[in-house]
Amino acid sequence: MKKGGKWNEILVLAGIVLLFRIFYVEIYNYLKSDYQYNFADLLRTIFREYPFTLLMVLVGFFTMRYISKRYSWGENPVRRTVITVASLLTISVVSTALFCVPKLKFFTWQELLDSGHIEAILAVSVMANAVVMGVTDITLYYRKSHKIALEAEITKKNKARFQYDQLKRQLNPHFLFNSLNVLDYLIHTDANRASDFTKKLAGVYRYLLSKENDPVVTLEEEITFANMYVDLLKERFNKGLNVRIDVGDSYLRHKIIPCSLQLLIENATKHNIISSEMPLNIEISICNGAVCIENNLQPRINAADSMGLGLKSIRGQYETIFGREIEVSESESKFRVCLPVVADEDEKNELS
């Protein structure tokens with residue numbers, strides 16, 4: 001919590017305590033001077049009727065819970081104050097009526113009004129309900145504040161963990177090692193291809209570095225990056241790798257998690273046999289509002305490390321940032337992952 005926010009809370013609490021102090025002292029003096037009522041006796045009278053007292057406390061508690069859920073102090077403090085005061089007075093009036101009902105065996109309503117008994121009970125009832133509702137409101141406020149702070153901390157830790165996973169993917173030693181081997185080969189065989197390969201490799205790492213702090217990117221940016229990455233892979237696999245991207249223009253401005261397409265393409269190449277005789281075919285297309293990455297299955301005998309960590313990272317980022325699930329399906333011949341793409345308006349709503 002920010003330092004300024006903490007001082008604001010202290011000042012608000014100090015103001016509430018001061019209001020309660022003035023309120024209670026004035027009511028106490030009013031009961032004592034005008035009606036010669038003893039405050040302690042009135043309080044004992046109320047608490048002696050345990051069922052009514054318990055009902056009053058429960059009604060006050062649940063009313064305050066309902067108000068706290070529906071109306072936030074930060075969003076509309078005036079409406080919340082009016083509703084809270086109206087609820088307090090309503091509960092107090094009903095409580096007073098319930099407490100006075102047993103007296104009707106001996107007195108009429110007019111006699112109770114003339115004696116000031118109803119007014120005195122109402123004053124004490126207002127005080128008791130104000131305490132119950134005030135304590136409930138403060139408790140719920142701090143529980144909610146603690147929950148928000150905890151969720152923010154968890155989100156922060158998750159973001160840090162995802163960024164770390166992303167960094168590990170960015171600096172994948174296997175990818176870098178293979179790329180340098182390809183580059184070394186091209187330098188000795190085809191200088192022009194070596195130059196193009198170097199520029200593409202630099203472009204890949206430039207994108208990674210520029211997007212490492214961005215929680216989302218456009219699908220167009222991610223496709224451009226994926227194409228650069230595929231061009232590098234094709235220098236290694238040549239005709240053994242076929243990647244087809246079919247995404248309509250209307251989806252290009254939609255948002256997606258950065259490096260997600262690249263990671264899924266990389267996983268497909270790590271876990272499947274790739275050769276001119278057994279080509280790996282990867283298709284990227286839009287299906288039911290999601291971008292789907294599908295490849296044929298031809299698992300390697302000595303497969304690389306499990307792709308579970310990569311999928312878990314993407315799944316976690318989608319849940320944290322967009323609050324959405326990714327879909328993973330597998331058959332005997334196909335493996336498919338569908339990533340939701342989010343329009344600008346949807347993104348504003350989900351990140352707010």
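Separation of the alpha carbons by more than 32 angstrom is noted, of K200/K270; K69/K211; K147/K270; K144/K211; K147/K255; K211/K234, for K69/K211; K147/K270; K144/K211. Proximity of backbone amide H atoms, modeled 1.01 Å from N, is registered between V243 and I282 at under 5 Å, excluding neighbours fewer than 5 places apart on the same chain.
Relative contact order, whole percent, for the range 188-340 stands at 20, derived from Cα pairs under 8 Å and 6 or more residues apart.
Read the figures in this text as sums done on the coordinates, not as results from a lab. Please read all numbers here as calculations on a predicted model, not as lab measurements.
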